[in-house]
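Engineer: This is the structure I have questions about; it appears just below.
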Amino acid sequence: MTPATYHILLALAGKDRHGYLIRKAVEQQTGGALRLGPGTLYAAIRRLEDQGLIEESPWRPEADLDDQRRRYYRLTNTGRAALRTETVRMRDTVTFALKQLKPKLAR
């Protein structure tokens, strides 16, 4: 899973969001290290929809906070499972790496 895909799914794990809010959440999650341009973001969103990992959400904010042009997205069950699997894989990789980096005790 690419970093962009992972962070888009992670951005949707807590709540439904539209594209701009996904973009901002990814920047916040990565401390600004990953900034998705509109072309990259919306191509990824289309791909994730095609893969069944996200879907358009029927949820809308209150009318005075909404813009009808926005499409909101949410994780599917498959998307949530993929995010969980990738998170566990990354955790295990970091755990292994940290063990490798510990100084060996002198014998």
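The values are calculated or read from the model by the stated rules, or taken from the named source; none is laboratory data. Owing to the predicted nature of the structure, the values given are computational and were not obtained by experimental measurement. Cβ sites come from the backbone with ideal geometry, for glycine too, and all protein chains shown count toward neighbours. Protein only, heavy atoms only, side chains kept; ligands, DNA and RNA dropped before computing areas. Shrake-Rupley method; radii C 1.70, N 1.55, O 1.52, S 1.80 Å.
Engineer: Just to be sure I understand, how many residues within the stretch 20-42 are open to solvent by less than 70 Å² (accessible area, probe 1.4 Å), assigned to a loop (DSSP other than H, G, I, E, B) and either in contact with a Leu (Cβ under 9 Å, 6 or more places away or on another chain) or among the aliphatic types (A, V, I, L, M) (or both)?
Structural biologist: 2
Engineer: Those residues that are open to solvent by 30 Å² or more (accessible area, probe 1.4 Å), modelled with pLDDT of 95 or more and assigned to a helix (DSSP H, G or I), I need them from the stretch 43-65; list them, please.
Structural biologist: Residues satisfying the conditions are A43, R46, R47, E49, D50.
Engineer: Going by the structure shown, is R35 of a type in the set (D, E, K, R) and in contact with a His (Cβ under 6 Å, 6 or more places away or on another chain)? Please lay out each step first, then the result.
Structural biologist: Numbers: of a type in the set (D, E, K, R): yes; in contact with a His (Cβ under 6 Å, 6 or more places away or on another chain): no.
No: the conditions fail for R35.
Engineer: In the stretch 66-99, which residue that is in a loop (DSSP other than H, G, I, E, B) and open to solvent by 80 Å² or more (accessible area, probe 1.4 Å) is farthest from T5 (Cα to Cα)?
Structural biologist: Q68
Engineer: Additional query: So which residues in the stretch 43-55 are over 11 Å from T76 (Cβ atoms) and either touching a helix residue (DSSP H, G or I) at 6+ places or on another chain (Cβ under 9 Å) or basic (K, R) (or both), if there are any at all?
Structural biologist: Kept after step one, since they are over 11 Å from T76 (Cβ atoms), are these residues of the stretch 43-55: 43-47, 50.
Correct list: A44, I45, R46, R47.
Engineer: Would you confirm, using the coordinates I've provided, whether D67 is of a type in the set (D, E) and over 12 Å from the mean Cα position of the chain (by Cα)?
Structural biologist: Spelling it out, D67 is indeed of a type in the set (D, E) and over 12 Å from the mean Cα position of the chain (by Cα).
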